[in-house]
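Single-structure report; data block below.
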């Protein structure tokens, strides 16, 4: 008989955490509970990660947690301001579990290419897990240092998962490129304008990669359960590279849109007044009544479309350790568009 494992998924309301919780629910030897500030699908714990006492009280009902999957994130205006809140939240969770979950075996930390300085400008590609650190501050690095210190003290293992930009279904999240693309194209069609790439000129031809949320969930569980992966970091991406100059016509075709030449513009600025357009589309097309703020991650779109340098990592380490899943990025984006239509988030 297989020993059962119990996962605590912190950040279960997000694209990454929600997809991970859904994946765990399909596995026969796992139980899982999600944790976020907002209510979520049962089983779920609603708790404030900045409230240590409340967090301990909420987790006291789950003393059998064996695996922590940490995917929470608190946004701030600057890179330096990200450190304190994001390290504090993780520390509070680890402190609570040290009291409430004596059988904790593994902590999985969700990171990203910021570890390599990808958000700062051109960096060495393909980025490798062994690459040297860059000038701080960087909250991902500080979080990993905290996890390593606690693992040495408390005797559990850890893994650090480093995806590229993650694509999957999720609303109300500050970082969701797939929804940015789908809503931007839908509004372009509604207004009768062609689909223009809004980013920096160099970004149109730079190489980049994405990470499917489902593939990421599988990889995260694999790294947390394969003994050879203990205390290791892994880059996780779909396995192919693309340029927006090739992908943009594919996205346009999915919406029966013409493609016009790129036009650098801030989506955060030009889409700021489109709430009335969106609300009219919801009524006209019989869509699920989704607030504009929940589908408009325009600042994140501007961030991604500003990368006028290559943005990809070496994923061969995960393959050497035994993870061989692959997702075709073009198919992933088209499937996400179809999914948003089936859910009546965007017009068919």
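With the cut-off at 1.5 for a/c, could you classify the stretch 10-104 from its C-alpha gyration tensor as rounded, prolate or oblate? In terms of gyration-tensor shape, oblate. Principal-axis analysis of the Cα atoms of the chain puts helix 329-342 at an angle of about 80° to the longest axis.
Once the convex hull of all Cα atoms in the stretch 280-348 is built, its volume per residue stands at 140 Å³. With viscosity 1.567 mPa s and temperature 4 °C, the Kirkwood radius over alpha carbon pairs of the stretch 135-235 converts through Stokes-Einstein to a diffusion coefficient of 77 µm²/s. Counting 0.36 nm for each residue step from residue 193 to residue 88 and taking away their Cα separation leaves a gain of 33.3 nm. Using only alpha-carbon positions in the stretch 164-294, the gyration tensor eigenvalues give semi-axes of 32, 20, 12 Å once each is multiplied by 5 and square-rooted (largest first). Inter-label distance, residue 95 to residue 321: 2.9 nm, where each label sits 7 Å from its Cα along the C-beta direction. As a length-normalised measure over Cα pairs under 8 Å and 6 or more apart, the relative contact order of the chain settles at 18 percent. Indicate the gyration tensor shape class of the stretch 197-262 (rounded, prolate or oblate), computed on the Cα atoms with a ≥ b ≥ c the square roots of the eigenvalues: a/c under 1.5 is rounded; otherwise a/b larger than b/c is prolate and the rest oblate. Since a/c reaches 1.5 and a/b is larger than b/c, the shape of the stretch 197-262 is classed as prolate. A Förster radius of 22 Å, combined with the Cβ-Cβ distance separating residue 38 from residue 268, puts the computed FRET efficiency at roughly 0.35. Kindly list the residues of the stretch 227-253 that lie in the label zone of residue 285, defined by a backbone N under 20 Å from the point 7 Å along the Cα-to-C-beta vector. Under cut-off, by backbone N: 248-253.
With respect to the chain, whose longest principal axis is taken over its alpha-carbon atoms, helix 275-285 is tilted by about 80°.
Under Stokes-Einstein, with the Kirkwood radius over Cα pairs as Rh, the value for the stretch 230-287 at 20 °C and 1.002 mPa s is 138 µm²/s.
Helix 177-190 and the longest principal axis of the Cα set of the chain meet at an angle near 20°. Express the Stokes-Einstein translational diffusion coefficient of the chain in µm² s⁻¹, to the nearest whole number, given a Kirkwood radius over alpha-carbon pairs, 25 °C and a viscosity of 0.890 mPa s. Result for D is 117 µm²/s.
Take the stretch 226-348, drop everything but the C-alpha atoms, weight them equally and run the Debye formula without solvent; then report log10 I(q)/I(0) at 0.09, 0.17, 0.18 Å⁻¹ to two decimals. Listed by q, the Debye log ratios stand at -0.39, -1.11, -1.18. With the cut-off at 1.5 for a/c, could you classify the stretch 178-217 from its C-alpha gyration tensor as rounded, prolate or oblate? Oblate shape, in that a/c is at least 1.5 and b/c is the bigger or equal ratio. How large is the helix-only mean residue ellipticity at 222 nm for the chain, computed as the sum of -39500 (n - 2.57) over DSSP H runs with n ≥ 4, divided by its residue count, in deg cm²/dmol to the nearest 500? Mean residue ellipticity at 222 nm (helix-derived): -12000 deg cm²/dmol. The spacing between the stretch 74-99 and the stretch 268-287, judged by their C-alpha centroids, is 34 Å.
The modelled label-to-label distance for the pair residue 293/residue 46, using points 7 Å beyond Cα in the direction of Cβ, is 1.7 nm. Spatial offset of the stretch 292-348 relative to the stretch 167-205 amounts to 11 Å, using the alpha carbon center of each. Note on the stretch 238-258 and the stretch 137-164: Cα centroid distance 36 Å, given to the nearest whole angstrom. In the chain, the DSSP beta bridges split such that about 5 percent are antiparallel, to the nearest 5.
Only the coordinates and a few stated rules stand behind these numbers; no lab work does. The shown structure was predicted, so the numbers you read here are calculated from the model rather than taken from an experiment. Quick reminder, even Gly has a Cβ in these numbers, built from the backbone with ideal geometry, and neighbours come from all protein chains shown.
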